[in-house]
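Report on the following structure.
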Amino acid sequence: MLFKNYRLYIILSFACIVGYVWLLLNLLHIRTVQGTHACLIKTIMNIPCPSCGATRSILLLFQGEFLKALMINPIGIIVAGIMLITPFWICFDILTKQKTLMNFYLQIEIYLKKAFIAIPLVILILLNWSWNIIKEL
């Protein structure tokens, strides 16, 4: 029962750790074989996905280049915010024995299921994807 209650926390912690490792590898310029991509869509279809460029965007944020990060991929800014806030929020919930992150997640999930929110978000993602394709990321 404990795992079920904290599954979101475990998944988010794992995702953050993987994200930090990925950023560290990119900061240290450790790459895979030349010509390969981490993105499965880019590798198979040779077109960028909506989140292609997010790593470069986050790395530009680290350098203080907010406008360049936004131009590469705005999703990177959102991901960076999530990666910065989530570990602290998880620690807060564990230390205080609360579920504020879980409650927030459940509220956001309900909110995002509303058509007047979901449809514009899907349109924004599709526009971002089109922009990535036009930019030839």
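One table, with the values for the structure above:
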item	result
Residue match in the range 63-85 (condition: in a loop (DSSP other than H, G, I, E, B) and under 30 Å from residue 10 (Cβ atoms))	yes
Number of positions in the range 41-72 that are under 19 Å from residue 134 (Cα atoms) and out of contact with any helix residue (DSSP H, G or I) (no Cβ under 7 Å at 6 or more places or on another chain)	8
Residue within the range 39-56 that is more than 23 Å from residue 105 (Cβ to Cβ), part of a helix (DSSP H, G or I) and modelled with pLDDT of 90 or more present	no
Among (1) assigned to a loop (DSSP other than H, G, I, E, B); (2) surrounded by 13 or more Cβ atoms within 10 Å (Cβ to Cβ); (3) over 17 Å from the mean Cα position of the chain (by Cα), the one test that residue 102 misses	(1)
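Conditions tested, residue by residue: (1) in contact with a Lys or Arg (Cβ under 9 Å, 6 or more places away or on another chain); (2) among the β-branched types (Val, Ile, Thr); (3) under 18 Å from residue 8 (Cβ atoms).
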site: 90; (1), (2), (3): no, yes, yes
site: 107; (1), (2), (3): no, no, yes
site: 119; (1), (2), (3): no, yes, no
site: 124; (1), (2), (3): no, no, no
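The values are calculated or read from the model by the stated rules, or taken from the named source; none is laboratory data. None of these values were measured; they are calculated from a predicted model. A quick note on method: Cβ atoms are made from the backbone with ideal geometry, for glycine too, and the neighbour counts reach across all protein chains shown.
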